[in-house]
Amino acid sequence: MDKDEEMDKELIINEEVEEENNDTGVEISDDVVAVIAGIAVSDVQGVAGMAKGFAGGITEALSGKKNLAKGIKVEVAGKETKIDVNIIVEYGTRIPDVAFEIQSRVKKSVKEMTGLEVVSVNVHVQGVQTPQEKNVKIEEKENEQDE
């Protein structure tokens, strides 16, 4: 093999290595993706709230802040992510429509903000909020504000 053939072979090998390492060097935390998804879900009409997970409830109680990632489980693997959303729907809303809207908004928001490919958004309906329950919550909030 002459010198020119060796240089061509070396260039091809270097190009392949560059393509494999064409990573941006940015690693996005599962928590960041969960917050983005949580904000997207909170904008969907018909969602009464997020189903509380044990850890989310404790975090919210201790910090006194609203946990935007509550009810959301995220798995990031490389440039792909899977998201599970646990919601409570308002009574009278059409659940398939709410679920489809959540899937659309979460996929769009996560893709635009992180560049990750969203493989799946699984929506789990954990409950239904009746009008009576909604009125009780409104009264509780008013009482908290008065104090």
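Rank these for me by crowding, 94, 105, going from fewest to most other beta carbons within 10 Å.
Starting with the residue having the fewest Cβ neighbours, the order is 94, 105.
If amide hydrogens are placed 1.01 Å from N in the peptide plane, which non-local residues have theirs closer than 5 Å to the one on residue 71?
Residues meeting the amide H criterion: 53.
By how many nm would the segment from residue 120 to residue 84 grow when fully extended, if each residue of separation counts as 0.36 nm and the alpha-carbon distance is taken off?
Answer, rounded to one decimal: 12.1 nm.
Would you mind computing, in nm to one decimal, how far apart the modelled labels at residue 111 and residue 29 are, each placed 7 Å from Cα along Cα→Cβ?
Result for the modelled spin labels: 2.6 nm.
For residue 123, what residues show an amide H to amide H distance below 5 Å, using hydrogens built from the backbone and excluding near sequence neighbours?
Those qualifying (amide H under 5 Å, at least 5 residues apart or on another chain) are 85.
Where a number appears in this text, it was derived from the coordinates with a stated rule and is not lab data. Predicted, not measured: the structure shown is a model, and the values here were computed from it. All Cβ positions, even for glycine, are placed from backbone atoms using ideal geometry, and neighbour counts span all protein chains on display.
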